[in-house]
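Have a look at the structure below before the remarks.
Every number here is computed from the coordinates shown, using simple stated rules; none is lab data. Computed from a predicted structure; not experimentally measured. All Cβ positions, glycine included, derive from the backbone under ideal geometry; neighbour counts span all protein chains shown.
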Amino acid sequence: CELAQSFARLGSKVTQIEMASRIMIREDEEISEVARISLEQDGVEVLIGHKALRCECEDGNKFIVVERDGVERRIEFDTLLCAVGRIARLTGYGLEELGIKTRNTIVTNEYLETLYPNIFAAGDVAGPYQFTHTASHQAWYATVNALFGDLKKFKVDYSVIPWATFIEPEIARVGLNEQEARDQDVPYEVTRYEFDDLDRAITDSTTHGFVKVLTVPGKDRILGAAIVGEHAADLLA
C-alpha cells in the first residue's frame, strides 16, 4: 500500500493486485476500506480477490495474468514489484550442524532460547514480527535471560507491539483490534473519537480520521487501540 500510493503520487499508473478479499487484511474492515478508498483517490487500481497466475511477454510487451472467479485478465506493465514479504536467512551459521530447528524462522521457546539454553535468537530470524522495534524488544529479553536466566527468566511479551502503515491517512495500531477480539472470544467495548471534533485537527485542517480504543467491558483496561489520520504513528507512540 505504501509503495503503491507513493508511485501513484509520483506519476506512475499503478495497479495493486491482492489475492485476499481486501487489502490490509489484518486490520478491521472499516480501516481496510479507508486505505482502499485513499489509494483509489490517488489513482491506484486496487484489485482484491485476484490471484496472480503468470507473466507473459508478447511483441516486446509485458503482461501479468490474474484470475478471479475463474476469469483471467491480462494487465500490461512496465515494471513489476512483487511484495510477498521477507524470509529470514538461516543458512551458513551452522544451525544444521547443531541441530537447531528452523521453520522459516529459528524455533525458540517463550524465553527466546533455542534447542541450547545458551543460544538465543532475536530479530527477524526469530519472528513473529519483522519490525526494528520488535527486534529491539526481543533483544532485551534475550540479553536479560542470557545473563540472569539462572536467577529469573522473562517470557517475551508481544501483546503491546505497535505498527504503522505510512500511507495517507496514516494507520497505526497496538494490541487487539475488533476482528482479533472476536476471533479470540475476548469481550470488549469500543470507544471512538472522530478527528473532526478535535480542535487541533480542525486548526491543522486534518480532520479526516479517528481513534478507536478497545477496553475490557466496564473497566478502563485497554485491550488495543487504532488510529487513522495525520501523524497516527506519532500519536500512538
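Based on the Kirkwood radius over alpha-carbon pairs, what is the Stokes-Einstein translational diffusion coefficient of segment 163-236 at 37 °C with 0.692 mPa s viscosity, in µm²/s? Here the translational diffusion coefficient equals 257 µm²/s. Using Cα pairs under 8 angstrom and six or more residues apart, how large is the relative contact order of segment 95-148, in percent? With pairs under 8 Å counted, the relative contact order is 28 percent. For GLU58 and ALA83, a Förster radius of 25 Å and the Cβ-Cβ distance give a FRET efficiency of 0.50, rounded to the nearest 0.05.
Close amide H partners of THR105, meaning residues 5 or more places away or on another chain with modelled amide H under 5 Å apart, do not exist here. Loop-located GluC sites (Glu not before Pro) across segment 99-175 with a Cβ neighbour count of 12 or fewer within 10 Å are GLU110, with loop assigned by DSSP. Whole-Hz Karplus values for segment 118-124 come out as 9, 10, 10, 10, 8, x, 4 Hz, taken residue by residue from phi with 6.51 cos²θ - 1.76 cosθ + 1.60 and θ = phi - 60°; glycine and proline positions read x.
For the chain, the relative contact order is 12 percent, taking Cα pairs closer than 8 Å that sit 6 or more residues apart in sequence and dividing their mean separation by the residue count. The chymotrypsin sites (Phe, Trp or Tyr not before Pro) of segment 37-117 that meet both conditions, a loop assignment by DSSP and at most 13 other Cβ atoms within 10 Å of the site Cβ, are TYR93. Using the rule -39500 (n - 2.57) for each DSSP H run of four or more residues, divided by the residues of the chain, the 222 nm mean residue ellipticity is -6500 deg cm²/dmol. Here are several values of log10 I(q)/I(0) by the Debye sum over Cα atoms at q = 0.07, 0.12 Å⁻¹: (1) -0.22, -0.66; (2) -0.28, -0.74; (3) -0.34, -0.91. Which one was derived from the coordinates shown? Evaluating log10 I(q)/I(0) by the Debye sum over Cα atoms at q = 0.07, 0.12 Å⁻¹ on these atoms matches (3). Treat segment 108-229 as a sphere of radius equal to its Kirkwood radius over Cα pairs and apply Stokes-Einstein at 37 °C in a medium of 0.692 mPa s; give the translational diffusion coefficient in µm²/s, rounded to a whole number. Diffusion coefficient, whole number: 195 µm²/s.
Pairs over the 28 Å Cα-Cα cut-off, from the set LYS152/LYS212; LYS51/LYS155; LYS153/LYS219; LYS13/LYS51: LYS152/LYS212; LYS51/LYS155; LYS153/LYS219.
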